[in-house]
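First the structure, in the form of structure tokens, and then the observations on it.
The values are calculated or read from the model by the stated rules, or taken from the named source; none is laboratory data. What you see is a predicted model, and the numbers here were worked out from it, not measured in a lab. Don't worry about glycine lacking a Cβ; one is built from the backbone with ideal geometry, like all the others, and counts go over all protein chains shown.
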Amino acid sequence: ADAALPDNTPKEMRVCAYCRVSTEEESQQSSYELQVQHYTQYIKDHENWTLQGIYADEGISGTSVTHRKQFLQMIEECKAGNINLIVTKSISRFARNVLDCIFYVRKLKQLNPPVGVFFEMEGINSLDPNSEMILTCLSAFAQAESENARWLTKTAIQQKYRKGHPMRQLH
């Protein structure tokens, strides 16, 4: 589904994409490259949309934005008025922390002109007046999923250790 934009949105849109992959494993590298290709084409396919860049963070946890330098650079470009719309795969790629997700969506919406975030998988545009409640619920689920995955990984490592199978060091 295309990003349904409110009536007060500029006709000419300066659009960027935000991508993130969870790990630095080789299989995730191709995922990252595919996302970059997908969003480059996706933005070019929309008449009146101008590609303002692809921002991407690799191998960095989605639970906090602190270490996501590209994410923070993208926010600065929005504040400078260089971007009208951010397109991203899903809420969990944008932020897995509910407070961060809502904080940045609200901050972007308050800019003049407002900047929207279109979550492709969920089909939600943050400039839609009904989006905030849905975003809050969905980002809470994404955060819970992230915390559950972390707990499962920690538990698996502890069980292997107890059985005498220490984890190998990755170099």
Pairs, please: C-beta under 8 Å, at least 6 apart or cross-chain, first residue farther than 18 Å from Arg93 by Cα and in the range 118-130, second part of a loop (DSSP other than H, G, I, E, B) and at pLDDT 85 or above?
-> Leu127/Pro114
Being touching a helix residue (DSSP H, G or I) at 6+ places or on another chain (Cβ under 6 Å) and at pLDDT below 85 narrows Ala140, Ala144 down to just Ala140
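Among the residues of the range 99-124, which ones are in a loop (DSSP other than H, G, I, E, B) and either out of contact with any helix residue (DSSP H, G or I) (no Cβ under 7 Å at 6 or more places or on another chain) or not aliphatic (A, V, I, L, M) (or both)?
So in the range 99-124, the residues in a loop (DSSP other than H, G, I, E, B) come out as 110-115, 120-123.
Within the range 99-124, Gln110, Asn112, Pro113, Pro114, Glu120, Met121, Glu122, Gly123 qualify.
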Is the range 61-71 home to any residue that is at pLDDT 90 or above, surrounded by 13 or more Cβ atoms within 10 Å (Cβ to Cβ) and in contact with a strand residue (DSSP E or B) (Cβ under 8 Å, 6 or more places away or on another chain)?
-> yes
What are the residue pairs meeting all of these: first residue in the range 64-79, first residue closer than 16 Å to Leu99 by Cα and hydrophobic (A, V, I, L, M, F, W, C), second residue at pLDDT below 85 and in a helix (DSSP H, G or I), Cβ atoms under 7 Å, and 6 or more apart or on different chains?
-> Val65/Asp100
Subset of the range 24-59 (residues that are of a type in the set (Val, Ile, Thr) and either touching a Pro at 6+ places or on another chain (Cβ under 7 Å) or modelled with pLDDT under 75 (or both)) = none
